[in-house]
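Below is one structure; the comments refer to it alone.
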Amino acid sequence: MTRSHFYNETSTERAERVKDYSAQGEPGFKLLIVGCGMIGREHMRVATLLGRARIHGVYDVDANSISLAQEEFAKYSAQPFQVYQDLQTGCADPEVDAIFICTPNFTHFDVLQQIKHSGKPLFIEKPMATRLQDARSMLLLAQDYPGIIQLGMQYRYKSQYLDAFHEVKQQGSLGAIKTVTMSEYRPPFLDKVKQWNKFNEYSGGTLVEKCCHYFDLINLMAGARVETVYAMSGQAVNFVDFEYEGRQSDIDDHALVVMRYSNGVKASFTLNMFSQELYEELGVTGEKGRILATERSSFTAGTRSKASIMVEVAGHPAYTGLDVTYPDPIEPSGHHGATFFEHEAFIDQLEGKAQDSATCEQGLWAMLVASAAQHSAATGEVVAAKDYATAQGLADVLVW
Ligand SMILES: NC(=O)c1ccc[n+]([C@@H]2O[C@H](COP(=O)([O-])OP(=O)(O)OC[C@H]3O[C@@H](n4cnc5c(N)ncnc54)[C@H](O)[C@@H]3O)[C@@H](O)[C@H]2O)c1
């Protein structure tokens, strides 16, 4: 089947299709994981679960991360993997078919510079970079790159968002859409190796680091170019007294952002990071009604998420709500099953099948909204996105 959009299939169809996921194929592709921290280990786990690729090797600058990866991997796989002492040896290894860049945000650009000569297919974690100029260079590189480059915007594959996109874009259930609202309530940022996520310089800022996922989804849902961005944000509760190596944390823990798009769609995003539990919500309204897509989850070990969609359109079977949580073993495998389908999209592309996974161009648009919002919050001004992009030197790569 040729899929032209990630939302062509509903989450239920996806779950049904991969019920016998182990029969999908053999682990033909060999992956190198660069950075085996929290998400690198999730990729190792999910790649193994999907079973169409296997972990050939890892490279990390931190011995503890490597030990953790070895210990965890041994619990679910009897296969050995290489630990490379340097990046060049890993990426030059002819056995390596594709490379996952799972290092902290501020290192993505440098790591890419070091491995781009390999021409191997790349998966790059989000956000693609911390600076718009670096993201621009990455987009230019991607245009001539011989292999695929997929960004780690796997929230597209969260069941409730897939289904919301399916309703709006595939089924046209709402008619022309008018407003898009998204929100995330969650506990504070987790511990990271060397605490890079507590500092704007290393993360790119909270709205770039965490919220590029949501701006990607809002951009896609609006289906137009962002025109204006206005935001307020601050650091109210989290890490206000946190210091690492003598440096005070400076990251925002809450934000409100409003956007207007060139087709008249109005959107908003709310972030709160001093909540007890995780709650995400997407609301879309159109001529014919409203969609509400939600996810409840927790950082408490052993708890499961619950995803649902409500389509308030006369006569719709999901009018009063539908549970769309992915089933076992997909849901517990990483980001409530989204990472599983992100891997499927990547492997499909390695096999030459069409998939519209996140591109560097889409990653840059998401970063632009996030960065404009951070600029607005810092200055108190409404940001005209095109002027801001031009001032940031992006006029040659973004088409309005
Ligand atoms: N897609 C998602 O939902 C999602 C979720 C979590 C993290 N991420 C992204 O993944 C990346 C990593 O995040 P994390 O949570 O795993 O962080 P982490 O701190 O847990 O792990 C990062 C690892 O990279 C290693 N590292 C640092 N510099 C390196 C270098 N130059 N070469 C090789 N290894 C290096 C560190 O030693 C560490 O082991 C970040 O960009 C983050 O934003 C994405």
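Here are the numbers for this structure:
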{"read-out": "Residues that are assigned to a helix (DSSP H, G or I) and open to solvent by 10 Å² or more (accessible area, probe 1.4 Å), drawn from region 218-236", "value": "ASN219, LEU220"}
{"read-out": "Residue under evaluation ASP110, criteria (1) within 11 Å of the ligand (Cβ to nearest atom); (2) in contact with a strand residue (DSSP E or B) (Cβ under 6 Å, 6 or more places away or on another chain); (3) assigned to a helix (DSSP H, G or I), criterion not met", "value": "(2)"}
{"read-out": "Conditions (1) over 25 Å from PRO327 (Cβ atoms); (2) open to solvent by 10 Å² or more (accessible area, probe 1.4 Å); (3) touching a Ser or Thr at 6+ places or on another chain (Cβ under 8 Å); number of the one not met by ARG45", "value": "(1)"}
{"read-out": "Given (1) more than 16 Å from the ligand (Cβ to nearest atom); (2) polar (S, T, N, Q); (3) under 20 Å from the mean Cα position of the chain (by Cα), number of the condition ASN197 does not satisfy", "value": "(1)"}
{"read-out": "Subset of region 157-194 that is within 16 Å of the ligand (Cβ to nearest atom), part of a loop (DSSP other than H, G, I, E, B) and of a type outside the set (Phe, Trp, Tyr) - its residue that is most open to solvent (accessible area, probe 1.4 Å)", "value": "ASP191"}
{"read-out": "Pick from region 200-217, criterion within 25 Å of TYR157 (Cβ to Cβ) and acidic (Asp, Glu), ranking: nearest to the ligand (Cβ to nearest atom)", "value": "GLU209"}
{"read-out": "Which numbered condition VAL96 misses (of (1) open to solvent by less than 10 Å² (accessible area, probe 1.4 Å); (2) away from the ligand (no atom under 13 Å from the Cβ); (3) more than 22 Å from TYR145 (Cβ to Cβ))", "value": "(3)"}
{"read-out": "Residue match in region 84-91 (condition: in contact with a Ser or Thr (Cβ under 8 Å, 6 or more places away or on another chain) and in the same structural domain as ILE124 (by TED's automatic domain parsing))", "value": "yes"}
{"read-out": "Lone unmet requirement of (1) within 11 Å of the ligand (Cβ to nearest atom); (2) surrounded by 15 or more Cβ atoms within 10 Å (Cβ to Cβ) for PHE73", "value": "(1)"}
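Condition check ((1) open to solvent by 30 Å² or more (accessible area, probe 1.4 Å); (2) closer than 19 Å to VAL46 by Cα; (3) assigned by TED's automatic domain parsing to the domain that holds ASP97; (4) free of Cβ contacts under 8 Å to residues at least 40 places away in the same chain) across all residues:
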position: ASN272; (1), (2), (3), (4): no, no, no, no
position: GLN276; (1), (2), (3), (4): yes, no, no, no
position: GLY286; (1), (2), (3), (4): no, no, no, no
position: ALA301; (1), (2), (3), (4): yes, yes, no, yes
position: ARG304; (1), (2), (3), (4): yes, yes, no, yes
position: TYR319; (1), (2), (3), (4): yes, no, no, yes
position: ALA345; (1), (2), (3), (4): no, yes, no, no
position: LEU364; (1), (2), (3), (4): no, no, no, no
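The values are calculated or read from the model by the stated rules, or taken from the named source; none is laboratory data. Note that this is a predicted model, so its numbers are computed, not measured. Methodologically, a virtual Cβ is constructed for each residue, glycine included, from the backbone with ideal geometry; neighbour enumeration extends over all protein chains shown. In case anyone asks, the SASA skips ligands and DNA or RNA and just uses the protein heavy atoms, side chains included. Shrake-Rupley method; radii C 1.70, N 1.55, O 1.52, S 1.80 Å.
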